[in-house]
1. Assuming R0 = 25 Å, what is the FRET efficiency of E167 and H77, from their Cβ-Cβ distance, to the nearest 0.05?
2. Report, as a whole number in µm² per second, the diffusion coefficient that Stokes-Einstein gives for segment 2-219 at 20 °C and 1.002 mPa s using the Kirkwood radius over alpha carbon pairs.
3. Using the count of nearby Cβ atoms within 10 Å as a rough guide to exposure, how do H94, H117, H77 rank from fewest to most?
4. Taking 2.2 N^0.38 Å as the expected size of a compact globular protein, what ratio does the Cα radius of gyration of segment 1-120 give against it, to two decimals?
5. Charges only on Cβ, +1 for Lys and Arg, -1 for Asp and Glu: so what's the dipole of the chain about the Cα centre, in debye to the nearest 20?
6. From the alpha carbon gyration tensor of segment 144-230, can you work out the equivalent ellipsoid semi-axes (sqrt of 5 times each eigenvalue) and give them in Å, largest to smallest?
7. Loop-only check: which trypsin sites (Lys or Arg not before Pro) in segment 26-69 are DSSP coil with at most 15 other Cβ within 10 angstrom?
8. Considering only DSSP states other than H, G, I, E and B, which trypsin sites (Lys or Arg not before Pro) in segment 82-173 qualify as loop sites with at most 16 other Cβ atoms within 10 Å?
Amino acid sequence: MLSVNLNTVRQEIAAALERSGRTGERVRLVAVTKTVGPKEIAAAAALGLQDFGENRLQEAVPKLRQFPDLRWHFIGHLQSNKAGEVLAGFSLIHSLDRLSLARALQRRAERQDLEAHCLLQLNISGEKSKSGLGEAELPDFLEALSDFPRIRVAGLMTIAPWCEDPEEVRPIFRRLRELQQLHRRPGLALSELSMGMTGDYIVAVEEGATMVRIGSALFGARPAAPQRKK
């Protein structure tokens, strides 16, 4: 089943690239392994997947230890006090969204003699339930990051609202691409756009995504959370 699902996702990405005139470009498929066990991760790696995403450090740690040769992406909200642990184990942090976290990453990177490769998370939709910088905050935030030489900003990330019709969130992805183009400058290419998940990744690719974060389309629906007994 995984091999069939992966082939379908890859075909959909290729078709979306062709429709958008991006033939020949590459979109990195980040397999989201929340609630996914080691057997499935090993199977995905055997099929050629190299990039895997986790959003909870506690769940991720044993997976990182078991699969140290894979490229791990931290895709969830990151608490500043967990910055050191995430920095040590993940190749890319998708969710830099505040100066307090930047300071924590800078301090930890200095201590560990590392660089913190990050994407800036933007809350394009303005949903209060989502983390991320507002559009108006982005210019000053980028300017402030010049004081953190250990942080390398690779690009931008956003999470669109869930909608039954993914066309409804196309403007969210289009706006992230516009912000990328607006704020590029020498030394700051912002080359990566991490946007699109199982329900909307096709639209995201059509709008310029260079990374998509796919879980259930690969591994199947996640088990429902257990109900509390009344």
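1. Numbers: r = 27 Å, r/R0 = 1.10.
FRET efficiency, E167 to H77: 0.35.
2. 121
3. Details: H94 28, H117 18, H77 15.
Lowest count first: H77, H117, H94.
4. Numbers: Rg = 16.0 Å, N = 120, 2.2 N^0.38 = 13.6 Å.
Against the empirical 2.2 N^0.38 Å value, I get 1.18 for segment 1-120.
5. Details: 32 positive and 28 negative charges, 166 e Å.
Taking the Cα centre of the chain as origin, the dipole is about 800 debye.
6. 30, 18, 11
7. Working: sites: R26, R28, K34, K39, R56, K63, R65; in loops: R26, K34, R56.
Sparse-neighbourhood loop trypsin sites (Lys or Arg not before Pro): R26, R56.
8. Numbers: sites: K82, R98, R103, R107, R108, R111, K128, K130, R150, R152; in loops: R98, K128, K130, R150.
For trypsin sites (Lys or Arg not before Pro) across segment 82-173 that sit outside H, G, I, E and B with at most 16 neighbouring Cβ atoms in 10 Å, the list reads K128.
Bear in mind that the values in this text are calculations on the coordinates, not laboratory data. Since the model is a prediction, treat every value here as computed from it, not as a measurement. Positions of Cβ are generated from backbone atoms using ideal geometry, with glycine treated the same way; all protein chains shown enter the neighbour counts.
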